[in-house]
Amino acid sequence: MHRNGSKTVRIPIPKAPTGIAGLDEITGGGLPKSRTTLLVGSPGCGKTLLSTQFLVHGALKYHEPGVCLQFEETADKLAANVASLGLDLHEMVRRKKLWVDYVRIDRNDIEETGEYNLDGLFIRLGHAVDAIKAKRVVMDGIETLFAGLEDEAVLRSELRRLFRWLDEHDLTAVVTGERGDKTLTRAGLEEYIADCVILMDHRVSDQISTRRMRIVKYRGSSHGTDEYPFLIDDDGISVVPITGLGLSHKALKQRVSTGIAALDEMTDGQGFYRGSSILISGAAGTGKSSLAAKFAEATCKRGEKCLYFAFEESPSQIIRNMNSVGIRLEPWVRKGNLEFRAVRPTTTGLEAHLAAMQKLIAQTRPDVAVVDPVTTVFTAGDQHGTKLMFTRLIDFLKIHQITSVFAHLTSAADRHLRGGEGISSLIDTWIELAELRHDGEPKRTLRVVKSRGMPHSRLLRELIVTNRKLDLGGVLSENGMSQRVEP
C-alpha cells in the first residue's frame, strides 16, 4: 500500500489461479504467486488430489508447467490414481508440461549427525524445474522428508531453507502435510513459514461424512474465513463458495405460467415471477408433487429446461405417478427439456447435498429447478443448518435467475418448515395445500398464503385432481362448504 498525497493506493499481491471451482473465488483469485502454500489435513481428505489438480490446470489452462515431487507414492501410482478423473499424467510428462518424480526417503539414511541438509533435493528439484521451465511445484508429503529427524533446530533451519529456495526461484509452490495432534502440522513449523495455509478436513457425524476446507491464513490478501464444504467426484474437487452469496440478485419482472390457468388468475392473472422461489406445502396426499410436476411440465412446454431433484422416488416412479393425473413427463425427458437427479438424502450430509446441487445446476443451467420433497433433505442437518443451507440454495438460484419450486411435507401442527421460526420467510410465493372434510367428503384445498410483489387472491379454493388434469374448483369456506363469491 502506497500513499500518493491524500489517496491510498492498494497493490494486490499476484495470484496463481488453481482452476478449481469455488477455490479461486474464496481465495480472491487463487494461491499466492511465487510463494508457498501449505495444504494440511488428515489422510483421505484430498490433499494430493487438490495439489495435482493445481499442477494439471496450471499446465493446461494457464501455460505454467509444473513439477511434482512425491515422497509417498510412485509416479506410476499417482498417474493411476488420477486417471479416473480423465487426467493422463504420462502424456503430460511426455509433452514436458509436467515432471513427476518419486523421492524415496529411507529412515535409516537420516542420522542425527547435525549434517543433515537438503542440498541433494535442491539439485534434483532444480534440474526438473530447468528441464521443463516450470512455474509451479508440488511437494506431497513433506513430513516424510523429515522422518526420524528429532533435532528441532535442524528441522526448522532446513524447512526455512526449503521455503526460501522455492521463493528465490520464483516458483508457486504447494506443500502438503499431515495434521498434527496438538499443532496444525506434525512438526508445528510449516504453518508459520508458509504464506498461505489451507486446512482440509474429512469428518463423520451421525454416520454421514462431510469434507470441509478453511483458509487458516493468507498473507497480503483478503479471503474467506468460513468453513467451506467441498466435493470429490469424477471431476475432482469443487468447493462451495458460500460467502459469495447474498442479496445482490436482480429481481425480474417477467412472469411464467404455473401450468394451471385458474392458479395463474389467483396470482394476478400471469403466474409466478421468473427467478422467484415457490413453496408448496401440505400434508401427505394433498397434491404437492402433482402441482410441482405440473409446473415442470409447463416449463418444458415453453421450450425451457427443468432440473428435477427427487429425494423420495425414482424418476420412473414419478413419471408413472404423474401419468395417472394427466401430467406427461416422459416425452420431455426424451427431448432433453427435463432432467432428473434422484438420490437418497441420507447418502451424504446437508452441505454436501448443497454442493452437489449447486454443481449440477451450474452444469445444466436450467430455467426451473424443482426440489421434491425438500423436507427429506432437512433430516440430514439440525434446524440452524437447515435454514442456513436453504438460504444459500435460494440465493444461488436467484443469482442465476432460476425459478425454484420446493415441495414440503407438513403436519397439521406444523405449517412452517422447521419449528416456530421456519424458513417460509425466505420464500417469494407460498402455496398451502390441505384436506378438508364436509359431511364425510374429503376435499383438497389450495390457498396462496403470500406472493411478494403482486396482487393475489388468498381465497380458499378446491384443488381438483383427476386422471385427466389438475384444476381449481370453487371457493370454499374453512369447513369445506362451497361459497358464492360476489362479482
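The values are calculated or read from the model by the stated rules, or taken from the named source; none is laboratory data. Quick caveat, the model's predicted, so the values are computed rather than measured. Because the Cβ atoms are built from the backbone with ideal geometry, glycine has one as well, and the counts that use them run over all protein chains shown. In case anyone asks, the SASA skips ligands and DNA or RNA and just uses the protein heavy atoms, side chains included. Shrake-Rupley method; radii C 1.70, N 1.55, O 1.52, S 1.80 Å.
Quick look at the values:
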| item | result |
| --- | --- |
| Only one of Lys359, Lys305, Lys301 that is within 28 Å of Ile237 (Cβ to Cβ), open to solvent by 10 Å² or more (accessible area, probe 1.4 Å) and modelled with pLDDT of 95 or more | Lys305 |
| Subset of the range 163-187 that is open to solvent by 10 Å² or more (accessible area, probe 1.4 Å) and either among the aromatic types (Phe, Trp, Tyr) or modelled with pLDDT under 75 (or both) - its residue that is farthest from Asp226 (Cα to Cα) | Trp165 |
| Among residues of the range 388-417, those that are crowded, with 19+ Cβ neighbours inside 10 Å, at pLDDT below 90 and in a loop (DSSP other than H, G, I, E, B), counted | 2 |
| Some residue of the range 113-131 being of a type outside the set (D, E, K, R), more than 15 Å from Cys68 (Cβ to Cβ), open to solvent by less than 20 Å² (accessible area, probe 1.4 Å) and at pLDDT below 80 | yes |
| Scope the range 57-81; condition part of a helix (DSSP H, G or I) and free of Cβ contacts under 8 Å to residues at least 12 places away in the same chain; matching residues | Asp76, Lys77, Ala80 |
| Residue tally, condition at pLDDT 90 or above, part of a helix (DSSP H, G or I) and more than 16 Å from the chain's Cα centre (by Cα), over the range 362-387 | 0 |
| Residue count for the range 246-299, restricted to those that are touching a His at 6+ places or on another chain (Cβ under 8 Å) and in a helix (DSSP H, G or I) | 2 |
| Single residue of the range 439-473 satisfying the filter (modelled with pLDDT under 90 and farther than 24 Å from Asn321 by Cα) that is surrounded by the fewest Cβ atoms within 10 Å (Cβ to Cβ) | Gly440 |
| Some residue of the range 44-66 being crowded, with 20+ Cβ neighbours inside 10 Å, on the phi > 0 side of the Ramachandran plot and of a type outside the set (Val, Ile, Thr) | yes |
| Residue within the range 274-285 that is over 16 Å from Lys469 (Cα atoms) and out of contact with any strand residue (DSSP E or B) (no Cβ under 8 Å at 6 or more places or on another chain) present | no |
| Some residue of the range 151-162 being aliphatic (A, V, I, L, M), at pLDDT 70 or above, part of a helix (DSSP H, G or I) and touching a Gly at 6+ places or on another chain (Cβ under 8 Å) | yes |
| Residue match in the range 222-229 (condition: of a type in the set (Ser, Thr, Tyr), modelled with pLDDT under 90 and crowded, with 16+ Cβ neighbours inside 10 Å) | yes |
| Inter-residue pairs, beta-carbon under 9 Å, first touching a residue at least 24 places away in the same chain (Cβ under 8 Å) and over 18 Å from Cys300 (Cα atoms) and in the range 356-367, second loosely packed, with under 15 Cβ neighbours inside 10 Å and not aliphatic (A, V, I, L, M), 6+ apart | Ala356/Asp233; Lys359/Asp233; Lys359/Asp235 |
| When residues of the range 315-356 are limited to those that are of a type in the set (S, T, N, Q) and open to solvent by less than 50 Å² (accessible area, probe 1.4 Å), the one farthest from Asp233 (Cα to Cα) | Asn321 |
| Unique match (being closer than 26 Å to Glu432 by Cβ, crowded, with 22+ Cβ neighbours inside 10 Å and either free of Cβ contacts under 8 Å to residues at least 12 places away in the same chain or over 22 Å from the mean Cα position of the chain (by Cα) (or both)) among Gly275, Gly271 | Gly271 |
| Some residue of the range 335-350 being assigned to a helix (DSSP H, G or I) and modelled with pLDDT of 95 or more | yes |
| Selection within the range 82-95 - in a helix (DSSP H, G or I), closer than 17 Å to Thr48 by Cα and touching a residue at least 12 places away in the same chain (Cβ under 8 Å) | Val82, Ser84, Leu85, Leu89 |
